[in-house]
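Structure incoming, see below.
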Amino acid sequence: MIKNLNSWLINMRFLIGFFSLLLVVAVPAFAQTTQAEQQGNFVLRVYMDTCVKHLGNTDKISRYVKENKYVRADEQFSKAALRGQKGEVWGVPNSIGQFIVVLSGENHCSAWARTADAKTVNTGFERLVKGTARPGITISSLVDKVSDGVGGKYRQLGYFLSKEGASHGWTMLSTTSDAPAAEVQTRLTFAPTTLP
């Protein structure tokens, strides 16, 4: 009996050591997603669920955000976000950061994140744009530049999507910053466009 007990203890120590090693090795893989990366993924999902899914149609998006219990921003904040344009500003309920959906102009829709990892956003944004490629759809690069803005440097990455040969279509634009003092670190925009 003692021999079996010792054998069992040795096996248990081995298993505990093995699982401890697995935990040490596996935790960094799971812990690699930072809050800023989670925020980046979240704002991309909000952008997809509102602006892209509804093709910037502000009426449909307005219905969607109401049905999904988004919170209408107060008048003062809305005026600041809309910068003199008419529209709607909606807060996105969540537990990881500050996100809004801005509806303005002729079917212009934006998803904003106060903080989000720029690399995560831009990688996901490019994947999203390339994922829209279909026969008969043209995707053209419009802009990829870095410039100074409020609180730091911002990267603008934009594409024009249209049916083959059409001069009108949609602009998909990502404006991101890693600067801690940036006014808003992510703005993802979807808007109808006519090329000059």
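The values are calculated or read from the model by the stated rules, or taken from the named source; none is laboratory data. Treat the numbers as computed from the prediction; the structure is a model and nothing was measured. No Cβ is skipped: glycine too gets one built from the backbone with ideal geometry, and neighbour counts run over all protein chains shown. To get the accessible areas, we keep the full protein, side chains included, count just its heavy atoms, and leave off ligands, DNA and RNA. Shrake-Rupley method; radii C 1.70, N 1.55, O 1.52, S 1.80 Å.
Where in region 29-96 are there helices (runs of 4 or more DSSP H), lying wholly inside it, with at least 3 residues that are modelled with pLDDT of 95 or more and among the aromatic types (F, W, Y)? Let's see the steps before the verdict.
Working: elements: 35-47, 58-67, 75-82.
Filter on region 29-96 gives an empty set.
So in region 73-104, with the set limited to residues that are closer than 17 Å to G56 by Cα and charged (D, E, K, R), which one is surrounded by the most Cβ atoms within 10 Å (Cβ to Cβ)?
Taking the candidates together, the pick is E88.
Let me ask another. Hand me the list of strands (runs of 3 or more DSSP E) wholly inside region 97-196 holding 3 or more residues that are touching a His at 6+ places or on another chain (Cβ under 8 Å).
Numbers: elements: 99-104, 108-113, 137-149, 152-163, 168-176, 186-194.
Of the strands (runs of 3 or more DSSP E) lying wholly inside region 97-196, those with at least 3 residues that are touching a His at 6+ places or on another chain (Cβ under 8 Å) span 186-194.
Given the condition under 17 Å from the mean Cα position of the chain (by Cα), closer than 22 Å to N41 by Cβ and open to solvent by 30 Å² or more (accessible area, probe 1.4 Å), answer yes or no: does some residue in region 133-151 qualify? Outline the logic, then answer.
Pass one, region 133-151, residues under 17 Å from the mean Cα position of the chain (by Cα): none.
No, that holds for no residue.
Are there any pairs, at least 6 apart or on different chains, whose C-beta atoms fall under 6 Å, with the first in region 59-85 and touching a residue at least 24 places away in the same chain (Cβ under 8 Å) and the second of a type in the set (S, T, Y), and if so, which?
Pairs found: I61/T50.
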